[in-house]
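**Student:** Questions regarding the structure given below will be posed in turn.
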Amino acid sequence: MKALYALSRAIALASIATASVLAIAGPAAAAGNAAAAASKAPRTVDVRSANDFSTTLANLKQAIERRRLNIFAEIDHAKGAMSVGETLRPTTLLIFGNPTGGTPFMRTDQRYGIVLPLKALVWEDGNGAVTVSVIDLPAETGEDVAAMARQIAGALVSIAEEAAAATDG
């Protein structure tokens, strides 16, 4: 429970910091930097979904739970944007993992705590297409954990593909 509180607090502080930067820089600066920000996007593996946003998110949760991973947090970025009078297309982040998989990374270098727990983002683009994005773990980690990173990356992509697969409905 303390870890979840700490995570919630960290997210809240990051949101406040972001809002402060935007308030100082102004909306025009934020809009003017959109192209630059897009070129600095994190390295991800993106899987286009055959389903709508809600179905994809539900499928993602099921795929994570089937693998006996813990969902630590669900962050609805669109809801957060709405809380400050802004709009954002559906965008939800799931933070999940398991100490059995994460601890070996952390023992190698505790700074991997920046990358872990694992995350998956379900988002809808301007055309209504839904995508599941997961971090490109091998690209974000060092050679010291390359084999573990490739193994976990394979599982992450499998989870994303399962969530994005067409469902009967």
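**Student:** Roughly how many Å is it from the Cα centre of segment 79-106 to that of segment 107-169, as a whole number?
**Tutor:** Measuring centre to centre over Cα atoms gives 12 Å.
**Student:** Apply the Kirkwood formula to segment 43-164: the hydrodynamic radius equals the inverse of the mean of 1/r over all pairs of different alpha-carbon atoms; give it in Å with one decimal. It would help to have the intermediate numbers written out before the result.
**Tutor:** Working: mean 1/r = 0.0671 Å⁻¹.
Kirkwood radius, segment 43-164: 14.9 Å.
**Student:** Once you place label points 7 Å from the Cα toward the Cβ at Ile114 and Ser158, how far apart are they in nm?
**Tutor:** Spacing of the two 7 Å Cα→Cβ label points: 2.9 nm.
**Student:** I would also like to ask the following. Provide the per-residue ³J(HN,Hα) series for segment 105-121, in order, calculated from phi with Karplus coefficients 6.51, -1.76, 1.60 and θ = phi - 60°, each as a whole number of Hz, with x at glycine and proline positions.
**Tutor:** With the stated coefficients, segment 105-121 comes to 4, 5, 5, 5, 7, 4, 5, 5, x, 6, 8, 9, x, 5, 9, 9, 10 Hz.
**Student:** Let me ask something additional. As an exercise, use a Förster radius of 35 Å and the Cβ-Cβ distance of Arg43 and Met82 to find the FRET efficiency, rounded to the nearest 0.05.
**Tutor:** For Arg43 and Met82, the calculated efficiency is 0.75.
**Student:** Along the Cα→Cβ direction, 7 angstrom out, place labels at Ala58 and Asn127. What is the inter-label distance in nm?
**Tutor:** Result for the modelled spin labels: 2.6 nm.
All of the numbers you see were taken from the coordinates with simple rules; none came from a lab. Please read all numbers here as calculations on a predicted model, not as lab measurements. Cβ: placed from backbone, ideal geometry, glycine included. Neighbour counts: every protein chain shown.
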